[in-house]
């Protein structure tokens, strides 16, 4: 994917369109017809960016209803660093009645494969590829995993080549990314651990735990630690920490 690495603001939509086309061409070369590229700031999963060559009405419904917050593929990906198949995370329809695998099956898209990336700036990316089920195709996939993972890495790099790109795709998200230590503190707080317990678990002082929680409160733009935990749970921030 050879795309200008110094985009101007007015070129960003073109850059993203070229990235989508490039991804589709690369993935088709490997024998897959459908793909989805998902990227979100972990601190604000309610405002992701998604590009895909699935039918537009699928994507519109998916984004309008915030299905990514309960999508088993996204939830599994948030907890995974290794490639995985849809079969590994397939579950029954949730209480909303939306079956994430019903529509693909209607197009005879019975299985897919996903690749994930978690960067140091708090962003999560996922690349999902699929086609009509063909045992031979998925045998070939075993030999292509490293190439598809590198394809995701290159796409992620292109989306992060300038702060302007992330500001463009996350226009409503001003949340600052949490550090690894802040994610750890928030994880334990989300499951009900006290400052003293977190101090023992993480081998840092209670005062340092409170310092990190104060930063978390500031970055999540909330009023206190309780509100931070509530926001993390509401926005899906805790999904990748399970």
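Residues in the range 199-214 that are buried (at least 16 other Cβ atoms within 10 Å of the Cβ) and closer than 23 Å to residue 41 by Cβ: 212, 213. Candidates are the residues of the range 29-50 that are in contact with a helix residue (DSSP H, G or I) (Cβ under 6 Å, 6 or more places away or on another chain) and farther than 16 Å from residue 71 by Cβ; the one that is surrounded by the fewest Cβ atoms within 10 Å (Cβ to Cβ) is 31. Just one of the listed residues (100, 115) is crowded, with 19+ Cβ neighbours inside 10 Å and modelled with pLDDT under 60, namely 100. Any chance the range 67-79 includes a residue that's in a loop (DSSP other than H, G, I, E, B), free of Cβ contacts under 8 Å to residues at least 60 places away in the same chain and either buried (at least 16 other Cβ atoms within 10 Å of the Cβ) or more than 13 Å from the chain's Cα centre (by Cα) (or both)? The answer is yes; a qualifying residue exists.
The values are calculated or read from the model by the stated rules, or taken from the named source; none is laboratory data. These numbers were taken from a predicted model, which means no experiment stands behind them. Virtual Cβ from ideal backbone geometry, glycine too; neighbours counted across all protein chains shown.
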